[in-house]
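Working notes, beginning with the structure itself.
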């Protein structure tokens, strides 16, 4: 089934005590689509400015599974830039600088050829924009969204409206606590799952806990998976988007949104994210392949048998 | 195989926004032995003072799988007391008061009849005392210890000596980081696993992460399990000791310390702890049984298949 992602494309600078990348390819839709591409063709909608370096988008353009025809280059604008700095404890990160640039301008349109997309991921942006994007689509089968603390705090009515019209939310733990006002993550996810969904029967919520794995709320059940243990995390930037990308790519490839399919999709999300954070930017994803992801999934699967 | 635990017996007061227990049965060896008793007979070594209320120890004495003949009542002393207060977010806890009392006096001896114990758990106390207890044993097959931040900070040489003479450590995440100086838990556990063990071949380390589950380091491998998702945590006091008790009880019952046995033992530790924290003190353990633990284990097992 067709898979669409809308989200940011960024020029990232990432520092850590063990290294640094400058002006590297990043952004939610980039990580998402590259991770999804191991499982399914994916259509990318995003916008960059005229300052975008030549060959910067080459990894996307060269990937036969990523359709970049929804990638707008707006010559008058500047590309979104993000600069972050990780501590020795990689769970701690400072945002050094954010320049929204083109992300603060008019959003890109979804090309006509993409409007029939069946599986859709609305990466984090203002919930009103997510709603507009949703409204450009002609009857998608599964719409999943991400959000962030800023919108939860300041755009609650719009976010609540969006949540009622999509099928699933993928959030991190602090966002789940913030939306629900519950400190227990099981209670938090359960309460959000009751609000999500135009068709409650098939709605679900995934709460990502970083290194600690994830919780899936679906079918009035809660299912836990651990993180895949990684001894050396180089750059966790975009790991959550890789998780979502692999999850959605797997679901779109199978065309089924059953609980068993979701569980396997989340397991693929877990191992794909665990590979991505082993190097800066997209570097590790560029050298992996489906066979490596399958091998890591098999190892993960065997780890969980007792 | 015979199983021995040495550790504290306490008179606990636990407060939370949703309730309170006063002068309730607690302490590491109490939680441990009650959890272990679902799997195996267990020998308890501990000491209380003359102030210990009549019938206070009844749940232990009435349990046919707990041998309390190593339980010393020292009339001249006062029992260890602990008073804690949980916040609305149960991950946050204040220690209101600690009275070491008898725990600050001479330690209890291991009765002659217990000295042939094959599986041994040295619950948290000064590592020099743990070493003395170890030296009273006649060739145990598996010795596992717990420790705490205080000894890691102030008794490092003694702790290091102990670690070299036991088979396994069960720690929480912050202790693993503190011992190893590594913020990444996979790196932390791996580095500790290299130091543990009189016979390295069969040594292991378990890092407990509370609601997030655990990591097992054994056979130069690392295995992750999530926590069992609990919607309403009433009292997490002693959950780590229940985890260790069920784990050791299961191992002692099977008499085998292979990697598959360890994994199943840790899974039982996970679900037993998840039951225990559903009520204050030992209350929930007193109403559960092996059938309920088995049912939860089966549910946990099925949750982890994808």
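Gyration tensor analysis over the Cα atoms of the range A:183-306 returns equivalent ellipsoid semi-axes of 25, 16, 14 Å (largest first, whole Å).
Could you work out the relative contact order of the range A:3-303, using alpha carbon pairs under 8 angstrom and six or more residues apart, expressed as a whole percent?
Working: 654 pairs, mean separation 53.1, N = 301.
Relative contact order here is 18 percent.
Pair-distance distribution of the range B:1-40: all C-alpha pairs, bin width 5 Å, starting at 0; shares per bin in whole percent are 6, 21, 23, 18, 15, 9, 5, 2, 0. Label-to-label distance for residue A:295 and residue B:261 is 3.2 nm, based on points extended 7 Å past Cα in the beta-carbon direction. Shown here: the range A:205-272, whose C-alpha atoms stretch 34, 24, 15 Å along the first, second and third principal axes, sorted largest to smallest.
First measure r as the distance between the Cβ atoms of residue B:113 and residue B:174, then evaluate 1/(1 + (r/R0)^6) with R0 = 30 Å and state the FRET efficiency to the nearest 0.05. The value I calculate is 0.20. With both residues required to sit in chain B, DSSP beta bridges show an antiparallel share near 40%. Taking 8 Å as the Cα distance limit and 6 or more residues as the minimum spacing, I'd like the relative contact order of the range B:246-291 as a percentage. Answer for the range B:246-291 is 31 percent. Using alpha carbon centroids, what distance separates the range A:34-55 and the range A:146-184, in Å? The range A:34-55 and the range A:146-184 have Cα centres spaced 26 Å from each other. Scattering from the range B:114-207 was approximated by placing one identical point on each alpha carbon and applying the Debye formula without solvent; log10 I(q)/I(0) at 0.13, 0.15, 0.21 1/Å stands at -0.38, -0.51, -0.99. In summary, the convex hull built on the alpha carbon positions of the protein assembly as shown has an orientation-averaged projected area of 26.7 nm². For the protein assembly as shown, adding -39500 (n - 2.57) for each run of n ≥ 4 DSSP H residues and dividing by the number of residues yields -10500 deg cm²/dmol at 222 nm. Determine the shape class of the range B:1-92: with a ≥ b ≥ c the square roots of the Cα gyration tensor eigenvalues, call it rounded for a/c under 1.5, and otherwise prolate if a/b is greater than b/c, oblate otherwise. Oblate is the answer for the range B:1-92, as a/c is 1.5 or above yet b/c matches or exceeds a/b. Net length available on complete extension from residue B:18 to residue B:69 is 14.7 nm, with 0.36 nm assigned per residue and the Cα-Cα distance removed.
On the principal axes of its alpha carbon atoms, the range B:1-154 extends 46, 38, 34 Å, with the longest extent given first. Measuring nothing but how far apart in sequence close Cα pairs (under 8 Å, 6+ apart) lie, relative to its length, the range A:136-257 scores a relative contact order of 18 percent.
Expressed as a fraction of 2.2 N^0.38 Å, the C-alpha radius of gyration for the range A:53-141 is 1.33. Each pair of Cα atoms in the range B:165-234 enters the Kirkwood radius, and Stokes-Einstein at 37 °C and 0.692 mPa s then converts it into a translational diffusion coefficient of 267 µm²/s. Computed over the Cα atoms of the range B:3-303, the ratio of the radius of gyration to the Kirkwood radius (Rg/Rh) comes to 0.93.
Indicate, rounded to the nearest 5 percent, the antiparallel portion of the DSSP beta bridges found entirely in the protein assembly as shown.
Around 40 percent of the beta bridges assigned by DSSP in the protein assembly as shown are antiparallel ones.
Rule-based calculations on the coordinates, nothing more; no lab input. The structure displayed is predicted, hence computed values, not measured ones. Don't worry about glycine lacking a Cβ; one is built from the backbone with ideal geometry, like all the others, and counts go over all protein chains shown.
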